[in-house]
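Single-structure report; data block below.
The values are calculated or read from the model by the stated rules, or taken from the named source; none is laboratory data. The model shown is predicted, which means the values in this text are computed figures rather than measured ones. Cβ sites come from the backbone with ideal geometry, for glycine too, and all protein chains shown count toward neighbours. All accessible areas refer to the heavy atoms of the entire protein, side chains included, with ligands and DNA or RNA removed. Shrake-Rupley method; radii C 1.70, N 1.55, O 1.52, S 1.80 Å.
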Amino acid sequence: MKLFSYAALAGLFLALGGCASIGPGDTSANPAQETPPTAAVSPAYSPPPSPSHQPEYPAGALTPIDSQEPAPRPVAAMTAPTDLWERIRRGFAMSDLESELVPGREQWYAARPAELENMAERSRKYLFHIVEELELRGLPTELALLPFIESAYNPQAYSHARAAGMWQFIPSTGKLYQLKQNAFRDDRRDVLASTQAALDYLERLYGMFGDWHLALASYNWGEGSVGRAIAKNQRSGKGTSYLDLKMPMETRYYIPKLQAMKNIVARPDAFGVKLPVIENHPYFDSVTITRDIDVALAAKLAEVPLEDFKALNPSMHRPVILAAGTPQILLPWDNAAIFQRNLDAYAGTRLSSWTVWIAPTTMKPDEAARRVKMSEADLRYVNRIPPRMLIRAGSTLLVPRPASQVRDVTERIADNGQLHLAREQTARTASGTRRTVLKVGRRGDTVANIAQRYRLPVSAVARWNKVSEKASFKPGDKVVVFM
């Protein structure tokens, strides 16, 4: 085959930079390898010729180029990684923590491959969104690994300190960052809202301390505690870095855990770990809803298993989605269009079988159940009312929606409705605590669930009932708690 070109045109082309291909020693197209800017003045910008300008070409006949001459160098491919883990690796920007605690955490994770794989699989639904948000803000992608440490990437996680969600917001910090917590939803568990709040908070902490290790310690321990620890070291003439501060054991291990996770993600083969493939594209899409709709019906219309639907919409802790308060839902990417098509074709008379009722006075659950024509068991179950509790006046309860009711729940109630409970009188022990005997409902229960419901230590509930912390109770069992 013969290729034709002007020798002079080839020289001109190379003099102007050719095709900008990047060789092994050329780093001009890689921001991570750019040399620091100097104070030299850049050449003035020269605009390209106008469309009417005709470039000049050398005259003469085309000269054949022998096919044996070397071909031009290929253009370097600047494609996005197909694997999300590689994208995360490329965005690492924090300095590594040099601590003797890191190797122990690495070994701990590497010795539990099944747990590590479960965490990674849970993250599949949320990781792309978090990485996208980090890159939009110019934040280090190590922060995408923080929910592994906080909650094992479980949006339903709930701690003994009442922290909830993937990012583990306590109630007060959640309110500070506009995360709604009411009778119908808890935005500390919401994928979009909690991620935005967490990154806002982390950016603020970094702005306060100018150091990611101190910012992360503040996220775990509180900025006030870290600030006081720094001030104490300053008064004593000691260092003020993360490793210099005296802090609780949980915070002392917090960043070594994150560093260990970073090292494993950076070099999984070195630790004998196989990370599941997570492709570098969105997992979910956001869909707007304009009417109240039952959770089960929404999952059915989207053709998504109910468990998967709840995993993407974990903030909803009632069986209905109130459109005035939650105007969008998340669905797997391909199911968003399916949901809209099935919703448009839905022939049912209504989308929601629930509405709200506001208690006019303080009353027992059985009285409230009679007024709204429900069984007491159903009223307790759907509104999560524990035994021996009174419903206080003004409480918002979820109740069956009459067939004749057309209007959906208003925005004021959907955003602000609260369930306020008061304890019935119970016997007090000599120490001032109240001994209460609970009767397990028809669905059974566990030590962990009861401890969470009453905000008690799991170990205490297990000890009081002489069972293990992982024990379950059958319907009708009696459980003793001290409150």
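Within the accessible area of region 374-483, the carbon and sulfur atoms contribute 49%, probe 1.4 Å, all protein chains present. Every pair of different Cα atoms in region 278-359 enters the Kirkwood calculation, which places the hydrodynamic radius at 13.2 Å. In this calculation the C-beta distance from Asn233 to Glu86 is compared with R0 = 45 Å, giving a FRET efficiency of 0.70. At the residue level, Phe482 shows approximately 50 square angstrom of accessible surface with a 1.4 angstrom probe and all protein chains present.
Of the trypsin sites (Lys or Arg not before Pro) found in region 357-404, the ones in coil according to DSSP and having at most 13 other Cβ atoms within 10 Å of their Cβ are Lys373, Arg384. Accessible area per residue for region 386-483, computed on protein heavy atoms with a 1.4 Å probe, is 61 Å². Here region 102-259 was treated as a single set of alpha-carbon atoms; its pair distances binned every 5 Å from 0 give 2, 9, 17, 20, 21, 16, 10, 4, 2, 0, 0 percent. Using R0 = 51 Å, the C-beta based FRET efficiency linking His317 and Lys274 works out to 0.90. Element breakdown for region 264-320 at a 1.4 angstrom probe: carbon and sulfur atoms account for 53% of the accessible area. The heavy atoms of His420 present about 80 square angstrom of accessible area, all protein chains included, probe 1.4 Å.
Among the lysines, which have Cα under 23 Å from the Cα of Lys238 when same-chain residues fewer than 8 positions away are ignored? Within reach: Lys246. For region 314-367, the solvent-accessible area of protein heavy atoms averages 47 Å² per residue (probe radius 1.4 Å; ligands and nucleic acids excluded). Using the Cα coordinates of region 187-291, the gyration tensor eigenvalues translate into equivalent-ellipsoid semi-axes of 33, 23, 10 Å, sorted from longest to shortest.
A Förster radius of 51 Å, combined with the Cβ-Cβ distance separating Thr79 from Lys466, puts the computed FRET efficiency at roughly 0.25. Among the GluC sites (Glu not before Pro) found in region 220-279, not one is both in a DSSP coil and sparsely packed, with 14 or fewer other Cβ atoms within 10 Å of its Cβ. Counting heavy atoms of the protein chains alone, Met249 has an accessible area of about 130 Å² for a 1.4 Å probe. Ordered by solvent-accessible area of protein heavy atoms (1.4 Å probe), largest first, the residues Asp477, Asp96 come out as Asp96, Asp477. Within 10 Å of each candidate Cβ there may be at most 14 other Cβ atoms; applying that plus a DSSP loop requirement, which GluC sites (Glu not before Pro) in region 82-168 survive? Here the GluC sites (Glu not before Pro) that fit, given the DSSP loop and packing criteria, are Glu98, Glu100. Cα centroid separation, region 335-392 to region 146-214: 28 Å. The length gained by stretching the chain between Ser225 and Asp366 to full extension, at 0.36 nm per residue less their Cα-Cα distance, is 46.1 nm.
Quick one: accessible area per residue over region 225-264, 1.4 Å probe, rounded to a whole number of Å²?
On a per-residue basis, region 225-264 sits at 52 Å².
What is the distance, in nm, between label points placed 7 Å from the Cα along the Cα-to-Cβ direction at Glu250 and at Lys439? My value for the distance between the label points is 3.6 nm. When the C-alpha to C-alpha distance is required to be over 29 Å, the pairs from Lys274/Lys474; Lys175/Lys274; Lys232/Lys257; Lys180/Lys364; Lys310/Lys470 that qualify are Lys274/Lys474; Lys175/Lys274.
Using the Cα gyration tensor of region 135-183, with a ≥ b ≥ c the square roots of its eigenvalues, what is the shape: rounded (a/c below 1.5), prolate (a/b larger than b/c) or oblate (neither)? Here region 135-183 falls in the oblate category.
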